[in-house]
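Q: Below is a structure I'd like to ask you about.
The values are calculated or read from the model by the stated rules, or taken from the named source; none is laboratory data. What you are looking at is a predicted structure, and each value in this text was computed from that prediction instead of being measured. Methodologically, a virtual Cβ is constructed for each residue, glycine included, from the backbone with ideal geometry; neighbour enumeration extends over all protein chains shown.
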Amino acid sequence: MLPKRQKFLVLGLSRSGKSVTKFLLSRQAVVYVYDDVTGERAMRTAEELCTLGARAVKKEELESTAKVCDVLVLSPGISIDHPLAVYFKRNGKSVVGETEIAARFMRCPVIAVTGTNGKTTTVSMLTAVLNDGGYSATACGNIGVPMVEFCSLEETQVAVAEISSFQMETLGSLCPHIAVILNVTEDHLNRHYNMENYVFLKGKLLKNSSEAEYAVLNYDDRTVRSFAEKTKAQVLYFSVRERVDGAYLEDGALYFQGEKIMQASELLTGGIHNIQNALAVICCAKIMGVDNAKIAGTLSSFKGIKHRIETVGEVDGIKYVDDSKGTNVDATVKAVQSIQGETVLLLGGKDKGYDYDKLFGALQNSSVTQAVLYGENRYKLLQSARAKGFEQITVCKNFDFAIRIATMQAKAGQTVLLSPASASFDEFSSYEERGDAFAQYVQTLAKDESDENVVADEGENE
């Protein structure tokens, strides 16, 4: 790829679209920009990019622009079967993503992490461990900062990249020094159509690996374990069920190839899924030569990430936990299992193509005493709840009312858990915005409780 000699059409002006446009312009490329989404934010972004040299395209100009462009740069939020992507492919032109462009220009080693759940936590954990272990490591990719912004990293630095299935659709050149696949469960079927496609996309992370690279795979996930047969990379496993060649849980402790690293109870983040994340991190850290004491010290002080089973407050004896990042069935089941005591569960949002029967089957023997269903997919959730005989349900239209209902239903000693098993795009722009709205509601509740206590105290003084 020679940006200076090619013309690019960037479709989608979210964070990755904005970053890749700036990167291509810095390489003296001709860049056209367009976004299907209209609004003030998109307009401001287009105007900013135009001041740097980009050329904004109107809808009626798309066809003529596509004809003169060599490469379509597709935002990860836009499907590979978008009409423009189809046009470029049919005409023998390139369709890439921001991550693909980053992969072609990055000079530093990359540790790439994918999986249905746990990616952000694992990337955050691993970045902290590597930095404490003497490396200069940077988290990037789907975690929030586009990879292309780190193409200037030196060979002595490390990029720890979270890679989503959306990014994998347009990614072909990445050859990570370590490829980590955490798990593969049902997700994004509204985008990828079926599990076969989804599994294929996750496995693509290993496509370019040679004998000089490493694959860190979840031995307990049959699908992930099978990827070992399709890679030339050196394979290390992690497991919470048995001793493997890699990292494993045994008698309440985390080990790597017979060496004890730490007690599982030292982890601040609860749940078996976080033990799995820590084991994956241990594999990567040992490959990179970090000593055991540094690994244990960092993991034992890691407090987790925002919007992933995060306690955001306690009011009137009721704990409120934000798991807005739990956007699929498996993530929600794990979140429920991590909560001690009875739980009122908030479920709903935009459907991603799931079979929710599995969810309510799992909830039957759980600590959930009540499920509040809301959002665009509330009736689909209700249908599955009834099919599985889960009767402790309340249905309402929107998120704000659902929180109020959950608060009224919860009792002291119980937990209100937001773990929607759904995307946020029916009411919010992201899971972060949804989680922030939940936390803000809890803060308001706490303030109201505090104000009531002040009034009561003043009354007593009178």
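Q: Looking at segment 54-84 only, could you name the residues that are in a helix (DSSP H, G or I) and either surrounded by 20 or more Cβ atoms within 10 Å (Cβ to Cβ) or in contact (Cβ under 8 Å) with a residue 40 or more places away in the chain (or both)? Please lay out each step first, then the result.
A: Step one: filter segment 54-84 for residues in a helix (DSSP H, G or I), giving 59-68, 83-84.
Result: THR65, ALA66, VAL68, LEU84.
Q: Could you give me the residue pairs with C-beta distances under 8 Å whose first residue belongs to segment 125-154 and is assigned by TED's automatic domain parsing to the domain that holds GLY289 and touching a residue at least 12 places away in the same chain (Cβ under 8 Å), whose second residue is part of a helix (DSSP H, G or I) and of a type in the set (Asp, Glu) wherever it lies, and which are 6+ apart or on separate chains?
A: If the second residue must be part of a helix (DSSP H, G or I) and of a type in the set (Asp, Glu), the pairs left are CYS140/GLU149; PRO146/GLU98; MET147/GLU98; VAL148/GLU98.
Q: Can you say whether THR327 is among the hydroxyl-bearing types (Ser, Thr, Tyr) and either more than 23 Å from the chain's Cα centre (by Cα) or in the same structural domain as THR120 (by TED's automatic domain parsing) (or both), as far as the supplied structure shows?
A: No; evaluated as a whole, the condition is false for this residue.
Q: May I ask you to say which residue of GLY289, GLY313, GLY270 is part of a loop (DSSP other than H, G, I, E, B) and either under 30 Å from GLN409 (Cα atoms) or of a type in the set (Asp, Glu) (or both)?
A: Values: GLY289 fails: either under 30 Å from GLN409 (Cα atoms) or of a type in the set (Asp, Glu) (or both); GLY313 fails: part of a loop (DSSP other than H, G, I, E, B).
Of the residues listed, the single one that is part of a loop (DSSP other than H, G, I, E, B) and either under 30 Å from GLN409 (Cα atoms) or of a type in the set (Asp, Glu) (or both) is GLY270.
Q: For the subset of segment 5-19 comprising residues that are in contact with a Pro (Cβ under 7 Å, 6 or more places away or on another chain) and within 16 Å of ARG104 (Cα to Cα), which member is surrounded by the fewest Cβ atoms within 10 Å (Cβ to Cβ)?
A: Restricting attention to segment 5-19, the residues satisfying the condition of being in contact with a Pro (Cβ under 7 Å, 6 or more places away or on another chain) are 15-16, 19.
Filter once more, so that each one left must be within 16 Å of ARG104 (Cα to Cα): 16, 19.
Details: SER16: 29, SER19: 19.
Selected residue: SER19.
Q: On to the next question. When you check ILE295 against the structure, is it of a type in the set (A, V, I, L, M), in the same structural domain as THR415 (by TED's automatic domain parsing) and over 20 Å from ASN183 (Cα atoms), yes or no? Can you show your working first?
A: Numbers: of a type in the set (A, V, I, L, M): yes; in the same structural domain as THR415 (by TED's automatic domain parsing): no; over 20 Å from ASN183 (Cα atoms): yes.
Here the answer is no, as ILE295 does not meet what is asked.
Q: Taking the stated definitions as given, is ALA247 surrounded by fewer than 18 Cβ atoms within 10 Å (Cβ to Cβ) and either in a loop (DSSP other than H, G, I, E, B) or at pLDDT 95 or above (or both)?
A: Values: surrounded by fewer than 18 Cβ atoms within 10 Å (Cβ to Cβ): no; either in a loop (DSSP other than H, G, I, E, B) or at pLDDT 95 or above (or both): yes.
So ALA247 does not fit the description; no.
Q: ILE305 - would you say it is assigned by TED's automatic domain parsing to the domain that holds ALA264, surrounded by fewer than 22 Cβ atoms within 10 Å (Cβ to Cβ) and closer than 25 Å to THR116 by Cβ?
A: Working: assigned by TED's automatic domain parsing to the domain that holds ALA264: no; surrounded by fewer than 22 Cβ atoms within 10 Å (Cβ to Cβ): yes; closer than 25 Å to THR116 by Cβ: yes.
Judged against the criteria, ILE305 is not a match.
Q: Among the residues of segment 234-247, is there at least one that is more than 25 Å from the chain's Cα centre (by Cα), over 21 Å from ASP330 (Cβ atoms) and either β-branched (Val, Ile, Thr) or in the same structural domain as GLN414 (by TED's automatic domain parsing) (or both)?
A: Looking for residues that are more than 25 Å from the chain's Cα centre (by Cα), over 21 Å from ASP330 (Cβ atoms) and either β-branched (Val, Ile, Thr) or in the same structural domain as GLN414 (by TED's automatic domain parsing) (or both), one finds at least one in segment 234-247, hence yes.
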